[in-house]
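**Student:** This is the structure I want to talk about, given as structure tokens.
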Ligand SMILES: Nc1ncnc2c1ncn2[C@@H]1O[C@H](COP(=O)(O)OP(=O)(O)OP(=O)(O)O)[C@@H](O)[C@H]1O
Ligand SMILES: [Mg+2]
């Protein structure tokens, strides 16, 4: 069974950045195979990892729905869809990436979705780690992870509004049939010393702060130069903060 690490939090707080830094940490520490899943319809995990994404699961679904009879002879629809998913996996030496892409349009997608979900589920079991970069909402997380998450990082910026969004997500979790083993708050662009007002709000949520990622100017520089965050220097402040977080909360 793979160890599933996922991220949630309101829009723009740093989920994809933290996910990329976690991928950097796992691949650099040679901990075993990793499947990165970009589960955001406005996908950009590929970009932060410096990859071109030729095909997404959403594209496969649309191609099939446009021409359900277009299955090559000798194949059934399950083999055909599974083959397309395999072709959509971007394989890198230290990890693989799969991009979910846009959500379905109009029409009955249940059968295709079931085949695609079952196959991505089966696939994920071949990896030691699965890192899922989620969209801001939580609705699809249980579907993307077959209902189980080992570590859910709730990412917030350094604001009470960000924390309140986390509180709503936390409250929502129970109704989502999502089995989360460990939950922790990650403060993105946080100062070394958090204010009393912020800490009071955290206390009310009742979850631990597992990491504070400082405002790191090299992240902006890498974004502007379209460079992969996997190439950040070992001494970057954000890299060091994720190292500290993962050493404690995701030991080998
Ligand atoms: N610790 C940080 N220091 C400096 N810049 C940061 C930091 N964290 C995130 N950023 C920048 O903030 C922007 C938003 O980050 P990111 O895309 O990771 O957020 P997100 O939560 O994934 O957004 P969305 O909800 O749109 O998916 C990016 O330009 C990123 O480079
Ligand atoms: Mg994102």
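The values are calculated or read from the model by the stated rules, or taken from the named source; none is laboratory data. All values derive from a computational prediction rather than experimental measurement. Methodologically, a virtual Cβ is constructed for each residue, glycine included, from the backbone with ideal geometry; neighbour enumeration extends over all protein chains shown.
**Student:** Pick from the stretch 1-17 the residues that are more than 11 Å from ligand 2 (Cβ to nearest atom) and touching a strand residue (DSSP E or B) at 6+ places or on another chain (Cβ under 6 Å): which of them is nearest to residue 165 (Cα to Cα)?
**Tutor:** 6
**Student:** Looking at the stretch 53-80 only, could you name the residues that are more than 16 Å from ligand 2 (Cβ to nearest atom), in a loop (DSSP other than H, G, I, E, B) and closer than 26 Å to residue 4 by Cβ?
**Tutor:** The answer is 54, 55.
**Student:** Of the conditions (1) over 13 Å from the mean Cα position of the chain (by Cα); (2) exposed (fewer than 14 other Cβ atoms within 10 Å of the Cβ); (3) more than 22 Å from residue 216 (Cα to Cα), residue 11 clears all except one; give me its number.
**Tutor:** (3)
**Student:** Which ones in the stretch 168-208 are exposed (fewer than 14 other Cβ atoms within 10 Å of the Cβ) and within 16 Å of ligand 1 (Cβ to nearest atom)?
**Tutor:** Listed by number, the residues that qualify are 168, 191, 192.
**Student:** Same structure again: Step by step: first the residues of the stretch 34-69, then only those that are within 19 Å of residue 228 (Cβ to Cβ) and more than 16 Å from ligand 1 (Cβ to nearest atom), then the one that is modelled with the lowest pLDDT. Which residue is that?
**Tutor:** 54
**Student:** Read through the list (1) touching a helix residue (DSSP H, G or I) at 6+ places or on another chain (Cβ under 9 Å); (2) at pLDDT below 95, then give the number of the only condition that residue 190 fails.
**Tutor:** All conditions are met except number (2).
**Student:** Checking residue 252 against (1) part of a loop (DSSP other than H, G, I, E, B); (2) buried (at least 16 other Cβ atoms within 10 Å of the Cβ); (3) touching a residue at least 40 places away in the same chain (Cβ under 8 Å), only one condition comes out false. Which one?
**Tutor:** Every condition holds for residue 252 apart from (2).
**Student:** Ok, one more. Return yes when residue 228 is out of contact with any strand residue (DSSP E or B) (no Cβ under 8 Å at 6 or more places or on another chain) and within 16 Å of ligand 2 (Cβ to nearest atom) and no when it is not. Before you say what the answer is, go through the steps one by one.
**Tutor:** Working: out of contact with any strand residue (DSSP E or B) (no Cβ under 8 Å at 6 or more places or on another chain): yes; within 16 Å of ligand 2 (Cβ to nearest atom): yes.
For residue 228, the condition - out of contact with any strand residue (DSSP E or B) (no Cβ under 8 Å at 6 or more places or on another chain) and within 16 Å of ligand 2 (Cβ to nearest atom) - is met.
**Student:** With 29, 43, 2 as the choices, which residue is more than 18 Å from residue 151 (Cβ to Cβ), touching a residue at least 12 places away in the same chain (Cβ under 8 Å) and surrounded by fewer than 21 Cβ atoms within 10 Å (Cβ to Cβ)?
**Tutor:** Working: 29 fails: more than 18 Å from residue 151 (Cβ to Cβ); 2 fails: more than 18 Å from residue 151 (Cβ to Cβ).
Answer to the selection: 43.
**Student:** Can you tell me which residue in the stretch 210-222 is farthest from residue 167 (Cα to Cα), limited to those that are buried (at least 17 other Cβ atoms within 10 Å of the Cβ) and more than 7 Å from ligand 1 (Cβ to nearest atom)?
**Tutor:** 222
**Student:** Give me a count of the residues in the stretch 112-158 that are at pLDDT 85 or above and surrounded by fewer than 16 Cβ atoms within 10 Å (Cβ to Cβ).
**Tutor:** Of the residues in that region, 4 qualify.
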